[in-house]
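Trainee: Below are the structure tokens for one structure; questions will follow.
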Amino acid sequence: MTESRIEATTTGGTDTDAATSRSETTTTTGETDERTRAAWRDYTFASDPVLSIEDLNVYYGDDHALRDVSIDVPENSVTALIGPSGCGKSTFLRSLNRMNDRIKTARVEGSVEFDGENVYAEGANLVELRKRIGMVFQHPNPFPKSIRENVAYGPRKHGDVQRGLVPRLLGRDERKTEDELVERCLRDAALWEEVEDRLDDNALGLSGGQQQRLCIARCLAVDPEVILMDEPASALDPIATSKIEDLIEELAEDYTVVIVTHNMQQAARISDQTAVFLTGGQLVEYDDTDKIFENPESQRVEDYIAGKFG
Amino acid sequence: MSDAYGTRLVDDGGSTFDRVATAIVAGSFVAFALAAGTLFGWVPVAGATTYFGGGLLAIGLTTAALGLVSWRGLATTTPDRSPGLVVGLAQGILWAITAGAVASNTVGLGSLGWLLGLPVGALVGYLTIATREDLGTTLPAAAFVSFVGAVVMAGVISPTWAWEPAAFDASFPGTVVIPFLTMTGGLVAGWAGASAAEGFGTRGRQHGAFLLISLVVLLVLSVLAFLLVFVFERGVAVVLENLVLSAGTLALLVRFRRVRPTVADGSNAVLAFVRFAVALVLGAVGLGLVGVVLTGRQLAGDAVTVEPTATVGVVPALVAGGVLLVAARHVRASWEPATESGRRVARGLRLATWLLAALALVEVVTWREVAVAGVALLPTVGVAVAGVGLALVVASVLGSRSGVGTSWVPPVSRSGGVVLTAFVLCSLHVAITGYALGVGPLQLVGSGTVDWPFLMNPSQGLGIQLGVMPAVLGTVWIVLGAVVFAVPLAVGAAVFLTEYAEDSAFTRAVDVATNGLWSTPSIVFGLFGLAFLVPRFGGTPSIFAAQLVLGFMLLPLVLITSREAIKSVPDEYRDASAALGVSKWDTIRDVVVPAAMPGVTTGVILGVGRIAGETAPLLLVLNGPNFPNAAPGVLSSFTFDVGLQPPFVHVSNPALLDRASALPYQLYAIITAGVGAEESFGWGTTLVLLGVVLGFFAIGVATRRYFRTKLHQ
């Protein structure tokens, strides 16, 4: 991994307690944000935070899609984001690696600190940011290229692996390096055994579950620190889903995974901590997954998990 | 479904009713096809009118019988209460026209007769709607078909009869009216029969509609096929006149066609049959060729002569060898020899190939033979390598057949590739030096195996020699130039408009302007070229000006199709690429444009199809001699001068700035020349023009296929 920096942060470091007592907006059920926010701020994580989000607000035109979200995401763990449709969890996920920039009407306020640097600061390096915070989408979206080219796409574009006519003429073709990289990533994505002898076949010929694991392998190939997953198993059948879930648990040993899911059993199974978003783009509760599912602080969260609401 | 008849769940079409109905459909189809044949002059009308009339009458009566049988409940059918408004309307119009025509012409009421047709039509329409479906579908149709059949059979309408309507100055002879009536009758009866074959009702209507719609497709296809056949019939004799081929070259081309790598992967019966037929014909031709060589007798047809020599021309050899080499690369299995001797063989083969390639490169650069002590190096080494390769192929085949473990023998595809490479490079040597290469009667020669006067020569006046070579080359150069000029510009503009520019008034204006440019008449482009381009490039009409003008014409279509193709690339690809941190330009270059390539190629195919046959602008901006006596030497007339003045290297090409001819232009010249021009020359030129356009088309389709396979294997 290269040592390039995103941008020195201009806000005051990672002092997470600084912004705890600000907004006093009252929610529909009469609870104040203050109470829930205090609850998740008091929570101590097993590891250091790698992402620290402060007062994040996202607007699509006039639509206020995300309201004052402030949480820390601890390193090498799985963080699940759950909530009803349209509650802003995908928006939240996409604002972590600035994919919302690609939507013309989107406007973001607040800060997302990644390794102590604000990714929304002036002059942030999007290429570097997205290399270090990878993303897997809801629908498997491999390129219409061979399996090998799909995995090697990122490294080739970033110059980590030199391939092609010019490097070959100059004697710098790194076929061996690429082979090793492709094998390692496909093994990490638990796909190697299934595609070992057809690396040069088109990726569109794979099944949906295989395609999604290929997308994970492609994401791993640029060596990210954080992997964002936007309902990665929602388009897959139960067997493919369970493979993806096993894979996510394995990935959490080396990577920080943030996953959006509609499936509460899935969140309960694989995540270490869970954030619950409810309508209006509000983060209602953020805590240890066991706590959220067994003894949530908020009545609304309990209703939602019990299926009475949302 | 209004009836108490039990509906069968499985209808195997086994009842007599079904079989008769199917026979009506088949008979109608035959009548339709024969009538169409008379229009094109393939079936004589004069003696056949009685048969047409009788056939129609029989079909009509049988159709009526079907309706009655179903109505009486003698067959299991499922008719609705009414055939519906559309059928009633159609029958009403049909009968209004029939009654009107009879009243005004046969009865002699003139224009008043057409007015009388209206109540008849209305009555038939009402009756059709009012009766149950089985009667409404069959009876009016049957009555029409029987009536027409009776009239034709009785000789009321005969080939010598002619309809001369009073309203306008035209005459329709019986030779046209009879086929037309037969075709209409065939359609009507076929539709009714198809409906009856499925027992009327929903399934009957679906069947009838399917028949009519598929006939329309057949009609469109037959127009296309007829156009090609018509031109081919008239042009092929003059194009092939005095063609002389050596049996060896012909055999190579035959062989080459058989192993064409673009074999479709579908395996339906028709395709299998066609393939079998092609293989049979090719086999027969091959046997005949062997016979020619062995007996030493010349094989001469009307125009074509096959010489009894086994020499192979170097150009077909290069083409066939090249294509085979590409195909072999596709199927090549990777070979990692496990033993030391295997590695040695692999190294040796690689070394030999490289040596051959190096020798060939030297020969190409110096353009002369490389020889040591009178022995040419390339063919010597080439033949040796090919021999070793062949031996390895044999060893591999024998080894795999006997099951003996031969770990050091490379797979057939590998050693076969080596043999092919040697063959291609030896052909190259022959092409460069012109020396023949071979053993005994089997020779690889530089030229003289094909003599095709019409295609290879310019034409000389007074009908001494008819030829199209200058025009063919002119067309090829102009189209190539236009493509090279227009495609990068159009694709670049499409990328900018789709990927970078916001959707705004500007892009919409560009869209409107592009569509307008595409509909601009070609003569306007020509006039613009003559007034604007020609004075700026040498002052005379020229190939270069024509390339630019046709390029302008190509631009809008390629731009439009490229934009559509790029728009249809899923946004998911762009998102995926962006999420990996890849920049927009890299994404466009490596993901978006490759995914859009099939669409872009489609645009180029369509555009080239238009500009290759374009005549009007060429009259203005190309304007060469009507019958040029020399082909434009664009490649050979490049001159490079190195000077001290900037830009230091001066490139000029007089041939590019000269007047020339092109195929559509020459065709126009032949047609308008009047006295002295032979009609067959025109048809021959047309055939070659069609061939060249279809050739560009084939290249385009192959390119699209290539990009498609690359995207979705």
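The values are calculated or read from the model by the stated rules, or taken from the named source; none is laboratory data. Please read these numbers as outputs of a predicted model, since none were measured by experiment. Cβ: placed from backbone, ideal geometry, glycine included. Neighbour counts: every protein chain shown.
Trainee: Please enumerate the residues belonging to segment B:580-632 that are within 14 Å of chain A (Cβ to nearest Cβ), crowded, with 19+ Cβ neighbours inside 10 Å and polar (S, T, N, Q).
Mentor: B:587
Trainee: Something else about it: Go through segment A:267-288 and report how many residues are within 28 Å of residue A:64 (Cβ to Cβ) and under 17 Å from the mean Cα position of the chain (by Cα).
Mentor: 9
Trainee: Restricting to segment A:193-206, and then to whatever is outside any helix (DSSP H, G or I) and surrounded by 14 or more Cβ atoms within 10 Å (Cβ to Cβ), can you tell me which residue is farthest from the chain's Cα centre (by Cα)? Step through it out loud before you land on a result.
Mentor: Restricting attention to segment A:193-206, the residues satisfying the condition of being outside any helix (DSSP H, G or I) are A:199-202, A:206.
Checking which are surrounded by 14 or more Cβ atoms within 10 Å (Cβ to Cβ) leaves us with A:199, A:201-202, A:206.
Working: A:199: 27, A:201: 29, A:202: 27, A:206: 24 Å.
Taking the candidates together, the pick is A:201.
Trainee: Can you name the condition, by its number, that residue B:93 falls short on among (1) exposed (fewer than 15 other Cβ atoms within 10 Å of the Cβ); (2) at pLDDT below 90; (3) among the β-branched types (Val, Ile, Thr)?
Mentor: (2)
Trainee: Do you know which residues across segment B:460-475 are more than 25 Å from the chain's Cα centre (by Cα) and either modelled with pLDDT of 75 or more or assigned to a helix (DSSP H, G or I) (or both)?
Mentor: Residue satisfying the conditions is B:466 alone.
Trainee: Only one residue in B:120, B:152, B:156, B:124 is over 30 Å from residue B:70 (Cα atoms) and in contact (Cβ under 8 Å) with a residue 24 or more places away in the chain, so which one is that?
Mentor: So the residue among B:120, B:152, B:156, B:124 that is over 30 Å from residue B:70 (Cα atoms) and in contact (Cβ under 8 Å) with a residue 24 or more places away in the chain is B:156.
Trainee: Quick check on my filter: what residues within segment A:193-220 are among the acidic types (Asp, Glu) and either under 22 Å from residue A:138 (Cα atoms) or more than 12 Å from chain B (Cβ to nearest Cβ) (or both)? Write out each step before concluding.
Mentor: First pass over segment A:193-220, keeping only residues among the acidic types (Asp, Glu): A:193-194, A:196-197, A:200-201.
The answer is A:193, A:194, A:196.
Trainee: Also, I was wondering about something else. Can you tell me which condition residue B:172 does not meet? The list is (1) under 28 Å from the mean Cα position of the chain (by Cα); (2) within 28 Å of residue B:95 (Cβ to Cβ); (3) not basic (Lys, Arg), and all the others hold.
Mentor: Single failed check for residue B:172: (1).
Trainee: Return the pair list, or none, for Cβ contacts closer than 9 Å from residues in segment B:352-373 that are closer than 15 Å to residue B:419 by Cα to residues that are among the hydroxyl-bearing types (Ser, Thr, Tyr), at least 6 apart or on different chains.
Mentor: B:353/B:421; B:356/B:421; B:357/B:421
Trainee: Show the residue pairs meeting these rules: Cβ distance below 7 Å; 6+ apart or different chains; first residue within segment A:221-243 and more than 14 Å from chain B (Cβ to nearest Cβ); second residue assigned to a helix (DSSP H, G or I) and β-branched (Val, Ile, Thr).
Mentor: Qualifying pairs under 7 Å: A:233/A:241; A:233/A:244; A:236/A:244.
Trainee: Within segment B:675-687, can one find any residue that is under 20 Å from residue B:552 (Cβ atoms), in contact (Cβ under 8 Å) with a residue 40 or more places away in the chain, touching a helix residue (DSSP H, G or I) at 6+ places or on another chain (Cβ under 9 Å) and of a type outside the set (D, E, K, R)?
Mentor: No, there is no match, as no residue in segment B:675-687 is under 20 Å from residue B:552 (Cβ atoms), in contact (Cβ under 8 Å) with a residue 40 or more places away in the chain, touching a helix residue (DSSP H, G or I) at 6+ places or on another chain (Cβ under 9 Å) and of a type outside the set (D, E, K, R).
Trainee: Only one of (1) free of Cβ contacts under 8 Å to residues at least 40 places away in the same chain; (2) touching a Lys or Arg at 6+ places or on another chain (Cβ under 7 Å) is not met by residue A:293, so which one is it?
Mentor: Condition (2) is where residue A:293 drops out.
Trainee: So which residues in segment B:561-579 are surrounded by 21 or more Cβ atoms within 10 Å (Cβ to Cβ) and facing chain A (nearest Cβ under 9 Å), if there are any at all?
Mentor: B:576, B:577, B:578, B:579, listed by residue number.
Trainee: Since residue B:557 meets every condition but one in (1) buried (at least 16 other Cβ atoms within 10 Å of the Cβ); (2) within 14 Å of another protein chain (Cβ to nearest Cβ); (3) modelled with pLDDT of 90 or more, which condition does it not meet?
Mentor: Unmet condition: (2).
Trainee: Another one. Only one residue in B:687, B:667 is within 14 Å of the chain's Cα centre (by Cα), part of a helix (DSSP H, G or I) and crowded, with 22+ Cβ neighbours inside 10 Å. Which one?
Mentor: None of the others qualify; the one that does is B:687.
Trainee: If you don't mind, there's one more thing I want to ask. For segment A:164-179: of the residues being without any contact (Cβ under 8 Å) to a residue 24 or more places away in the chain and surrounded by 12 or more Cβ atoms within 10 Å (Cβ to Cβ), which is farthest from residue A:222 (Cα to Cα)?
Mentor: So, considering only residues that are without any contact (Cβ under 8 Å) to a residue 24 or more places away in the chain and surrounded by 12 or more Cβ atoms within 10 Å (Cβ to Cβ), the one farthest from residue A:222 (Cα to Cα) is A:168.
Trainee: Residue B:616 fails exactly one of the following numbered conditions: (1) at pLDDT 90 or above; (2) small (Gly, Ala, Ser); (3) within 30 Å of residue A:149 (Cβ to Cβ). What is the number of that condition?
Mentor: Residue B:616 satisfies every listed condition except (3).
Trainee: Given the criteria touching a helix residue (DSSP H, G or I) at 6+ places or on another chain (Cβ under 6 Å) and either assigned to a strand (DSSP E or B) or of a type outside the set (Gly, Ala, Ser) (or both), does residue A:81 qualify?
Mentor: For residue A:81, the condition - touching a helix residue (DSSP H, G or I) at 6+ places or on another chain (Cβ under 6 Å) and either assigned to a strand (DSSP E or B) or of a type outside the set (Gly, Ala, Ser) (or both) - is met.
Trainee: Also, quick follow-up: Please return the ranges of helices (runs of 4 or more DSSP H) entirely within segment A:102-192 where 3 or more residues are within 14 Å of chain B (Cβ to nearest Cβ).
Mentor: A:126-132, A:147-157, A:175-188
Trainee: How about segment B:38-69: which of its residues are of a type in the set (Gly, Ala, Ser), within 16 Å of residue B:181 (Cα to Cα) and surrounded by 15 or more Cβ atoms within 10 Å (Cβ to Cβ)?
Mentor: B:48, B:53, B:55, B:58, B:60 - these are the residues of segment B:38-69 that are of a type in the set (Gly, Ala, Ser), within 16 Å of residue B:181 (Cα to Cα) and surrounded by 15 or more Cβ atoms within 10 Å (Cβ to Cβ).
Trainee: What residue, of A:151, A:182, is surrounded by 23 or more Cβ atoms within 10 Å (Cβ to Cβ), under 26 Å from residue A:244 (Cα atoms) and over 21 Å from the mean Cα position of the chain (by Cα)?
Mentor: Only one candidate qualifies: A:182.
Trainee: Between a residue in segment B:576-597 that is under 18 Å from residue B:493 (Cβ atoms) and any residue that is of a type in the set (S, T, N, Q) and surrounded by 19 or more Cβ atoms within 10 Å (Cβ to Cβ), which pairs come within a Cβ distance under 8 Å, given they are 6 or more apart or on different chains?
Mentor: That search, which allows pairs on different chains as well, returns B:596/B:562.
Trainee: Give the residue, chosen from A:77, A:95, that is away from every other protein chain (no Cβ under 12 Å), in contact (Cβ under 8 Å) with a residue 12 or more places away in the chain and out of contact with any Leu (no Cβ under 7 Å at 6 or more places or on another chain).
Mentor: Going through A:77, A:95 in turn, the sole match is A:77.
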